[in-house]
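Throughout, read-outs are computed from the coordinates displayed, never taken from laboratory work. The structure presented is a predicted model; accordingly, all values stated were derived computationally and were not measured. Here the Cβ positions follow ideal geometry from the backbone for every residue, glycine too, while neighbour counts run over all protein chains shown.
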Amino acid sequence: MENIEGEIYILGDDINTDDIVPSYTLTLRDPNEMAKHVLEFIEPNFAQKAAKASIIVGGYNFGTGSSREEAVNVFKILGIKAIIAKSFSRIYFRNLINNGVAGIKCDWDEATFSDGDQVQISIENGIIFNKSKNLIWIPYIIYSEFLVFYMNSST
């Protein structure tokens with residue numbers, strides 16, 4: 001898997017799947033239309049704000065709630081390639097992998113990331129490099145060779 005590189009967008013704790021994809025949007029047939037409403041109740045105009053970002057950074061309990069895969073797919077539509085969080089719900093983490101989006105558990109703090117930082121992630125080496133702050137690495141669980149292969153085939 002190639003390195004994932006781009007600008008980050010920071011969200012808080014307890015971002016659930018109903019926050020990510022409001023239930024009323026599930027009736028929309030066009031996934032691109034659904035993506036326009038991502039996080040609209042907690043982060044108005046998120047879809048426009050996140051247009052420059054390719055990496056989301058969240059807090060604890062990212063992706064709790066229902067198991068809807070739309071909550072991953074809308075991020076993919078917006079160009080998000082990775083989500084870094086302090087913790088994920090198990091099923092959301094699995095949905096990330098199943099849909100080719102890197103889910104990275106990292107116990108970060110305010111000194112680690114700021115909105116707009118340029119970050120490079122090496123999935124195969126387990127390294128996150130914050131270019132903006134010149135932080136060389138932040139350890140996290142390294143994906144197995146099989147999961148890297150699986151994620152590559154899911155994109």
Which of Ala85, Ile8, Thr27 sits closest to the plus end of the dipole of segment 6-88, meaning its Cα is farthest towards the positive end, when Lys and Arg get +1 and Asp and Glu get -1 on the C-beta? Ile8
Extreme residue, positive dipole direction of the chain, given options Ile56, Ser67, Phe149 (C-beta unit charges): Phe149
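Arrange Arg29, Arg90, Arg68 by Cβ neighbour counts within 10 Å, fewest through most, would you?
Numbers: Arg29 6, Arg90 11, Arg68 18.
So the residues, fewest neighbours to most, are Arg29, Arg90, Arg68.
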According to a simple spin-label model (label point 7 Å from Cα along Cα-to-Cβ), what is the distance in nm between Glu69 and Ser122? 3.2 nm
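Sort Phe149, Phe46 so the one with the fewest other Cβ atoms within 10 Å of its own Cβ comes first. Could the numbers behind the result be given before it?
Details: Phe149 12, Phe46 24.
Placing the least packed residue first, the sequence is Phe149, Phe46.
Within the chain, which whole H helices from DSSP have a Cα span along their axis of at least 18 Å and a mean Kyte-Doolittle hydropathy of 0.5 or more, if any? List each step's numbers first, then the result.
Numbers: long enough: none.
Helices passing the filter in the chain: none found.
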With a/c under 1.5 counting as rounded, go ahead and sort segment 35-155 into rounded, prolate or oblate using the C-alpha gyration tensor (a ≥ b ≥ c being the square roots of the eigenvalues; past the cut-off, prolate if a/b is larger than b/c, else oblate). oblate
Only Lys, Arg (+1) and Asp, Glu (-1) charged, at Cβ; segment 4-153 dipole about Cα centre in debye: 280 debye
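Under the rule a/c < 1.5 gives rounded, and otherwise a/b versus b/c splits prolate from oblate, where does segment 76-118 land using the Cα gyration tensor? The partial results should precede the final answer.
On the way: a/c = 3.27, a/b = 1.40, b/c = 2.34.
Oblate shape, in that a/c is at least 1.5 and b/c is the bigger or equal ratio.
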